[in-house]
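We did not get these values from a lab; they are worked out from the coordinates using the rules stated. Because the structure is predicted, anything quoted here is derived from the model rather than measured. Note that each Cβ is placed from the backbone with ideal geometry, even for glycine, and that neighbours are counted across all protein chains shown.
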Amino acid sequence: MMNSEGEWILQMNALFIAHRAQLRRAAFKILRDWDQADDVVHDAYLKIRECSDNKVEVKQPIAYLFRTVRNMAIDQYRRYIFELDLFDNEEEGLLVPDKLRTPEAYLMHYQDLNLVMKALSKLPDRTQRVFELYRIEGYTHRMIAEELNISASLVNILIHTATRHCKEILSSKT
């Protein structure tokens, strides 16, 4: 618990700085968009600073930050879904043939995906993990470096190694 508004603001500033990457990831897991996640974290910061009169009731400030970010991300996601439903024209595009969903295209993509999965399985665990975090989870180089306690330049090297390995496997298919 904080004694004064000034102490509360200083503590919140320090906590936001220290946990910004984790707060951003928490918002991203809900929104699936890094820019929107940044906006939510920023808006949560402003909201918490404006509502500093509740500081006496907050016993776990870090949990309070994460709960605020999570709730605001959920609200934004719900608003997005509502607007999507509201403005979506159901008939739009229904009569246009989808050349990407033919059985042949599906089989070709499925085979390519299997080749990539086999190629990745032959790489060291850390290289696989870096590639998955970057390509699947959408992490930045810096976020991966923090997560795995390695340098950003090593992250870059491992991503290029994995990508080159997958490309070689795919090109040898033809």
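Over the stretch 99-169, what number does the Rg to Rh ratio reach, with both radii from the alpha-carbon atoms and Rh per Kirkwood? Intermediate values should be presented prior to the final figure.
Working: Rg = 14.1 Å, Rh = 13.0 Å.
Expressed as Rg/Rh, it is 1.08.
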Checklist line | Cβ-placed point charges (K, R +1; D, E -1), dipole of the stretch 99-169 about Cα centre in debye, nearest 20 | finding: 180
Check: Considering the alpha-carbon set of the stretch 5-87 alone, what are its Rg and its Dmax in angstrom?
Finding: 13.5, 46
Check: What is the sum of charges around Thr140, taking Lys and Arg as +1, Asp and Glu as -1, for the other residues whose C-beta is under 11 Å from the C-beta of Thr140?
Finding: 0
